[in-house]
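Encoded as structure tokens, the structure appears first; notes follow it.
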Amino acid sequence: MSAPTTSETSVIRMNPPVFYFAAAFILIFGVVVISMPAAAGEWLLAAQNWAANTVGWYYMLAMTLYLIFVVVTALSGYGKIKLGADHDEPEFSYLSWAGMLFAAGISITLFFFCVSEPLTHMLAPPQGPAGTSEAARQGMQLLFLHWGLHGWGVFAFVGMALAYFAYRHNLPLALRSALYPLIGKRINGPIGYAVDGFGIIATVFGLGADMGFGVLHLNSGLDYLFGIPHTQWIQVGLITLMMGAAILVAIAGVDKGVRVMSDINMLLACALLLFVLFAGPTQHLLNTLIQNIGDYLGALPVKSFDVYAYNKPSDWLGGWTVFYWAWWIAWSPFVGLFIARISRGRTIREFVFGVLLIPLGFTLAWMSIFGNSAIDQVLNHGMVALGQSAIDDPSRTLYLLLETYPWSKTVIAVTVFISFVFFVTSADSGTVVLSTLSARGNNADEDGPKWLRVFWGAMTALVTSALLFSGSIDALKSAVVLTSLPFSLILLLMMWGLHKAFYLESQKKIAQTHSLAPVSHSRRGGWRQRLSQAVHFPSRDEVYRFMDSTVRPAIEEVSAVFREKGLSVVTQPDPANDNVSLEIGHGEEHPFIYQVQMRGYFTPSFARGGFGKKEQLRNRRYYRAEVHLAEGSQDYDLTGYTKEQIINDILDQYERHMQFLHLVR
């Protein structure tokens, strides 16, 4: 499957239907909530309770389906498919790629929830007696569930879909592209634009929730260090300050500086983790880490479907698991786009297991070490105030835990600094992603216009401020659950589209092996000329002349006959990029694409004929006229073929394409 290509070169610009739909919804929401904060807070909380009681089962099922889909795909034969053309190689080494995936898993919310959540689950569990060691064990199990494979499963799914359709089939790097197997060219119409619009809305509210939790956490840290009051207007000031910094970074494009700061930040975060591990009850923390992993993996199948149907009705499920699933869904376009961009050329199998396992290891270690440190303080050292803080004021809980460690003031100051940098880098990346999703005309490696980054940064700050005014944490959770609901349905459609695309690809592989009547491919001049050609390494000029004198006329001649048959034919000579291509349309069916591209290689050291001494070969390049189809290079060279033989090769590939269309009808 592939999208039609075009010879037009477009300019990156705002995509009006997507932009106006998403911007209008977000702006109206922000104005209404700010103008009526109390009423809006009540409405949001009531709506979240409705969602938890009505569609909580759906969120549980959908998130489990996303995870099962990516794991089954990776383990199946589809796992060998590349996220890109068959000849693409990964841009980054395994080590660099793993490092970037590791960075993708870090957010300021790790600081907010790593202590407050397990203590809350222990002191107010969904079932069973509270405040016991068994409740603590169950609390860590729930913490791992909320931060474990399910979340990274939806990230892997969206990243896989974006990378597959953008890099393998040259479709826009947009959510709507995953629906191409279902609705074809209509992805560039109202349906496709609505998909991107809902994706932007979900992402803005997901980022808003992240910023909201982050601001509460930072405000508590500044209050602890400098006595800055914990008020809503202070929080609005912090949102404005940090989003302003993020916007400046986004429009200035100081990527190198941000990358260096992020690397330093990651080292500081790892140092903080090791400090808590070795300055605390080290043996106990290591024991509980291993037990937490075992408990999580053992309970994963059961907890994936546990909606507490036999318990008394409560708002626990909606306030925790359903919220987390909605939050992961809301963040999926943001993180999915990031991991898609760094994964071109990797197979689906290595992509899925890399995304699932590399960030997960650090995340679960972080949660276990901080969470069990706090539980140990409450259960074994009588720190009742720490546990009560997790319920009454969760944003302060981490600082209260760190207060029990040596050099607490310095450690807390470092924690605040790390949180600030994570906040700015996440907000910066979020505005860039939102500008990309609301733009058109850009290729898969280009970002949206700078003014769109400014706009979406302002909209995200508006949403965050509005939600904090209308009810703080509960309002943040409610908005995420509601706005993620329509997008979760879109993800299910994307799953269907991706599965269909994989099926079409498998059928095309079968069609490629379809037996055809033999066609002689011997070069002109008999076997001697063929042998000479095999050991000849032509220069760029030779291949360029061959393409101009033989390949292009062959394509033009066969194109004329296809046009006589009433087919839609587009030829695209592109001398600047050393290629010439032929595209034959079949209405709504998949087009046939045949491209001959000139590619250069270093001459092998064993080559002698025609070049003279070995020293003259050093760094010399030779060229091939390689055939490319929609899925990438076919790894064979046309140089030396006659025009008739090239036409026969085009027809060979076209007949295979027709066999593919026959198989998938």
Query raised in the report: Angle between the Cα long axis of helix 321-341 and the longest principal axis of the chain, 0 to 90 degrees, nearest 10?
Result: 40
Query raised in the report: Among the aspartates and glutamates, which have Cα under 17 Å from the Cα of Lys80 when same-chain residues fewer than 8 positions away are ignored?
Result: Asp88, Glu89, Glu350, Glu505, Glu631
Query raised in the report: With each label point set 7 Å from Cα along the Cα-Cβ vector, what nm distance links Leu95 and Ser532?
Result: 4.9
Requested in this report: Could you state how much accessible area Leu492 has, in square angstrom rounded to the nearest 10, with a 1.4 Å probe and all protein chains kept in place?
Outcome: 50
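Take the chain, mark every one of the chymotrypsin sites (Phe, Trp or Tyr not before Pro) that falls in a DSSP loop and has at most 16 other Cβ within 10 Å, then report the longest stretch left between them, sites excluded. Present the calculation step by step, with values, prior to reporting the outcome.
Working: sites that count: Phe92, Phe305, Tyr308, Tyr310, Trp407, Phe606, Phe611.
Within the chain, the longest run free of exposed chymotrypsin sites (Phe, Trp or Tyr not before Pro) spans 93-304.
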Query raised in the report: Tell me, in nm to one decimal, what length is gained between Ser133 and Thr240 on full extension, where the rule is 0.36 nm per residue of separation less the Cα-Cα distance?
Result: 34.3 nm
Query raised in the report: What is the spin-label model distance, in nm, from His87 to Trp496 if the labels are put 7 Å beyond Cα along the C-beta direction?
Result: 3.7
Query - Angle between the chain longest axis and helix 94-104 axis [Cα atoms, degrees, rounded to 10] - result: 40
Requested in this report: Averaged over every viewing direction, what's the projected area of the C-alpha convex hull for segment 13-504? Give it in nm², one decimal, please.
Outcome: 21.3
**Report entry** Extension reserve of the Asn380-Ala124 stretch, reckoned as 0.36 nm per residue once the Cα distance is removed
**Finding:** 90.3 nm
Query raised in the report: How far is helix 190-226 tilted, in degrees, relative to the longest principal axis of the Cα atoms in the chain, given as a value from 0 to 90 rounded to the nearest 10?
Result: 40
**Report entry** Cross-link reach list, aspartates and glutamates versus Lys185, counting only Cα pairs under 14 Å and skipping chain neighbours closer than eight places
**Finding:** Glu588, Glu589
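The values are calculated or read from the model by the stated rules, or taken from the named source; none is laboratory data. In this text the structure is predicted, and so the values were computed from the model without any measurement. A quick note on method: Cβ atoms are made from the backbone with ideal geometry, for glycine too, and the neighbour counts reach across all protein chains shown. Keep in mind that these areas ignore ligands, DNA and RNA; they rest on the heavy atoms of the full protein, side chains included. Shrake-Rupley method; radii C 1.70, N 1.55, O 1.52, S 1.80 Å.
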